[in-house]
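**Student:** For reference, the structure I am asking about is given below.
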Amino acid sequence: MSSERIKNIVFDIGNVVVRWSPEEIIRLTFGDCASAEEKAKSVFQSDIWLNLNKGLLSENDAKTQYRDVLGFTELECERLFYYVKQTQILIYGSVELIRRCKSAGYRVFALTDNVHEIVSHLKATYTFWDLFEGAIVSAEVGLLKPQVEIYKSLLYQYGLEASETVFIDDMPYNVASAESVGMNAILFKNTYQCARALKALGVQH
């Protein structure tokens, strides 16, 4: 693949730019428990969280539903959303990689399953969001990865050619879905591996 082919680089956010660790969030919220994995699934794979990610609920709506449906206390809900935000620390080297790609002349974008209030927190806490020329956020478009429509939304909204675009994500099924619409895609493991994979696609950074 020639270096002229890739013009656009699209970054997922969770576990690509910032850390996302559901089980850690659960342990911090509820204390060490043997069922942290199951509890994380009940919280973050629930219809409540999916609807929050699709923009159908506000954070306060979700807190109410977690109390009503899962029996969480008000304090547990407050702690949950505190740690949802505060555990999202920068992944080593990712912001620098975005900067290098942008400085090299590539158009950089974000495509993320994310919540309005979390995006606001990230924008207020870090400076990386301003590096993106544009972003598709699930809560703003009502779509979630790996729905092909969310990738098509990115391509359409910003006038991108799929074959000239590479998408970076930490989940194999999201990578496969991006590839299904004609995008190049990289399964993110760490920034060193990702940088090498970009260079293998001809991206100079």
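**Student:** List pairs: first in region 120-131 and under 15 Å from Tyr82 (Cβ atoms), second not in a loop (DSSP other than H, G, I, E, B), Cβ under 7 Å, 6+ apart or cross-chain?
**Tutor:** From residues that are under 15 Å from Tyr82 (Cβ atoms), the pairs are His121/Lys85; Leu122/Val18; Leu122/Trp129.
**Student:** Collect the residues in region 47-62 that are under 30 Å from Phe188 (Cβ atoms) and either open to solvent by 60 Å² or more (accessible area, probe 1.4 Å) or in a helix (DSSP H, G or I) (or both), keeping them in residue-number order.
**Tutor:** Residues satisfying the conditions are Asp47, Ile48, Trp49, Leu50, Asn51, Leu52, Asn53, Lys54, Leu56, Glu59, Ala62.
**Student:** Would you mind telling me which numbered condition in (1) over 22 Å from Asn15 (Cβ atoms); (2) part of a helix (DSSP H, G or I); (3) touching a helix residue (DSSP H, G or I) at 6+ places or on another chain (Cβ under 9 Å) Leu160 fails?
**Tutor:** Failed condition: (2).
**Student:** Run Tyr192 past the list (1) within 17 Å of Asn15 (Cα to Cα); (2) open to solvent by less than 40 Å² (accessible area, probe 1.4 Å) and report the number of the one that doesn't hold.
**Tutor:** Just one mismatch for Tyr192, condition (2).
**Student:** Follow-up question, since we're still on this one. Could you list, in sequence order, all residues of region 35-46 that are in a helix (DSSP H, G or I) and free of Cβ contacts under 8 Å to residues at least 24 places away in the same chain? Can you show your working first?
**Tutor:** Within region 35-46, the first condition is being in a helix (DSSP H, G or I), and the residues that meet it are 36-44.
The answer is Ala36, Glu37, Glu38, Lys39, Ala40, Lys41, Phe44.
**Student:** Considering only residues that are touching a residue at least 60 places away in the same chain (Cβ under 8 Å) and closer than 15 Å to Gly14 by Cβ, which ones fall in region 172-189?
**Tutor:** Those that are touching a residue at least 60 places away in the same chain (Cβ under 8 Å) and closer than 15 Å to Gly14 by Cβ: Asn174, Phe188.
The values are calculated or read from the model by the stated rules, or taken from the named source; none is laboratory data. Model, not experiment: these values are computed from the prediction. Every residue, glycine among them, receives a Cβ derived from its backbone with ideal geometry; neighbour counts consider all protein chains shown. The accessibility values were calculated without ligands, DNA or RNA, using every heavy atom of the protein model including side chains. Shrake-Rupley method; radii C 1.70, N 1.55, O 1.52, S 1.80 Å.
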